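Each reported figure results from applying straightforward, stated rules to the coordinates on display, with no laboratory input. Values in this document were obtained by computation on a predicted structure and should not be read as measured data. Note: ideal-geometry Cβ built from the backbone for every residue, glycine included; neighbour counts use all protein chains shown.
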Amino acid sequence: MNILVVGSGGREHAICYKIAQSPKADKIYCAPGNAGIASVAECVDIGAMEFEKLAAFAREKAIDLTVIGMDDPLVGGIVDVFEKEGLRVFGPDKKAAILEGSKSFSKDLMKKYDIPTAGYEVFTDADKACEYLESADYPIVLKADGLALGKGVLICNTKEEALEGVDTIMRDKKFGDAGNTMVIEEFMTGREVSVLSFVDGKTIKIMSSAQDHKRAGDGDTGLNTGGMGTFCPSPFYTDEVDKFCREHIYQKTVDAMKAEGREFKGVIFFGLMLTTKGPRVLEYNARFGDPEAQVVLTRMENDIVDIFERCIDGTLGEVELKFSDKASVCVMLASDGYPLSYEKGFEITGLDEFDKHEGYFCFHSGTKFNEDGKIVTNGGRVLGITALGNDLKEARANAYKATEWVEFKNKYMRTDIGKAIENS
Ligand code: AMP
Ligand code: GLY
């Protein structure tokens, strides 16, 4: 099969790596891709939001399957464009991708179908939101309704902070139109777990659990980022938690979307918080997580192309997902200064080392080739250094060992990815 992947980050690198293992895959393309993806796929210079150009490319190259990695094109309706042209594509259509695209939609869905989540109110008027905040309990959480590169969530400890937050989101429109509507949500505490799943419209199959580290600094300090590292599986995702989520969250979400006339086909990513009152949904995403994909897919034993096709065809119920007994840890190497300001264009050395060691992976997030054909840094998150191990402790030690193989100017990483699992 000829397969096209849409996206340019570490997640898409991990997806391409996994597709390349499939006996069904002949030629793999990635648009726009990056310097690391170029080692497993042919990169195509078309942007992820150029739907018509991508569809024309898929026709011209007789692409049998297109896989959408990123949230923006999904929420923007790329799947609808491909389907209208009779092209096979993996991912939710626009109607279903709203599960990630609108926080007020997802909160209303959970309320209507009794799926456990934090209490909330939705506001389209900034004055009304401020009025509500006068008598609210603190801390409180403000969320821009739409996509905001993972940055549209403000945790406010005081009323003053919250009122400023309303200005940021609704009046100054720091996140653009994403802030036309805002959700104000009850603050919850507990450990976070990411659970990814494949969905074929009616059946849902759960992948191995993972945990992300969203803050930029050690000890969960500093600003929120796209994700500084992950481990998989999460020892905090116990059988009891799994049972609760299967009963109250997973299938209920799929059924709710179907009942709303928004049949979901693709990946649903459940962002869960394990509170003292039980698991609660923090958020839904309509795609693989980044860097969750890096740790989950390196442990997945199924042919991913087969699974993608089953999601499209509605035959996911006939297979079981399989994951290796190994554990996996991903440490993100970033450009110092991320997520605020950072420099790019520095040469990266030592990448060859990964070809010499089995069980070690270097997934590229932000890299490109410079004019001399050298691989250079090209983003805030640069490389997702991922390693397997017999348990989480070993995987963690292996991943940190491998972070020393590569060098670039202003290389920055957290030193405590997976530290919480040291003794598990
Ligand atoms: P989201 O994009 O909704 O996952 O929010 C980003 C991050 O904000 C989450 O991973 C949590 O760490 C935090 N967060 C979101 N909602 C809440 C909440 N209701 N209570 C506490 N923390 C939250
Ligand atoms: N790592 C979190 C996300 O992909 O949204």
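In the chain, the DSSP-assigned H stretches of four residues or longer account for a calculated mean residue ellipticity at 222 nm of -7500 deg cm²/dmol, using -39500 (n - 2.57) per stretch and the full residue count as denominator. Can you tell which of G337, I3, A399 lies farthest toward the positive end of the dipole of the chain, using +1 and -1 charges on the Cβ of basic and acidic side chains (Lys, Arg; Asp, Glu)? Farthest towards the positive pole: I3. Exposure proxy for E12, E358: other Cβ atoms within 10 Å of each Cβ, ordered fewest to most, give E358, E12. Centroid-to-centroid, using Cα positions, segment 78-123 and segment 1-54 are 24 Å apart. The longest part of the chain holding none of the exposed loop trypsin sites (Lys or Arg not before Pro), meaning those outside H, G, I, E and B in DSSP with at most 11 other Cβ atoms within 10 Å, is 1-276. Report the Cα centroid-to-centroid distance between segment 236-287 and segment 344-382 in angstrom, as an integer. About 35 Å separates the Cα centre of segment 236-287 from the one of segment 344-382.
Computed about the Cα centre, the dipole magnitude for segment 61-210 is approximately 640 debye when only Lys and Arg (+1) and Asp and Glu (-1) carry charge, each at its Cβ. For V319, the shell of other residues with beta-carbons less than 11 Å away shows a net charge of -3, using +1 for Lys and Arg and -1 for Asp and Glu. Does segment 157-288 classify as rounded, prolate or oblate by the C-alpha gyration tensor (a ≥ b ≥ c root eigenvalues; a/c under 1.5 gives rounded; else a/b over b/c gives prolate, otherwise oblate)? Verdict is oblate for segment 157-288. Only Lys, Arg, Asp and Glu carry charge here, each on its Cβ (+1 for the first two, -1 for the last two); on that basis segment 151-237 has a dipole of about 320 debye about its Cα centre.
Magnitude of the charge dipole for the chain, about its Cα centre and with charges confined to Cβ atoms of Lys, Arg (+1) and Asp, Glu (-1), is about 320 debye. Quick check on segment 15-169: take the gyration tensor over C-alpha atoms, sort the square-rooted eigenvalues as a ≥ b ≥ c, and tell me if it's rounded (a/c under 1.5), prolate or oblate. In terms of gyration-tensor shape, prolate. Shape index of segment 115-175: Rg/Rh, with Rg the Cα radius of gyration and Rh the Kirkwood radius from the inverse mean 1/r over Cα pairs, equals 0.94.
Neighbour counting of Cβ atoms within 10 Å sorts the residues H13, H364, fewest neighbours leading, into H364, H13.
If the Kirkwood radius is taken over C-alpha pairs of the chain, then at 4 °C and 1.567 mPa s the Stokes-Einstein diffusion coefficient equals 59 µm²/s. Net charge of the neighbourhood of D137, taken over other residues with C-beta under 14 Å away and scored Lys/Arg +1, Asp/Glu -1, is -4. Here the residues T181, T230, ranked from fewest to most Cβ neighbours within 10 Å of their Cβ, fall in the order T181, T230. Computed over the alpha carbons of segment 213-370, Rg followed by Dmax gives 18.4, 52 Å.
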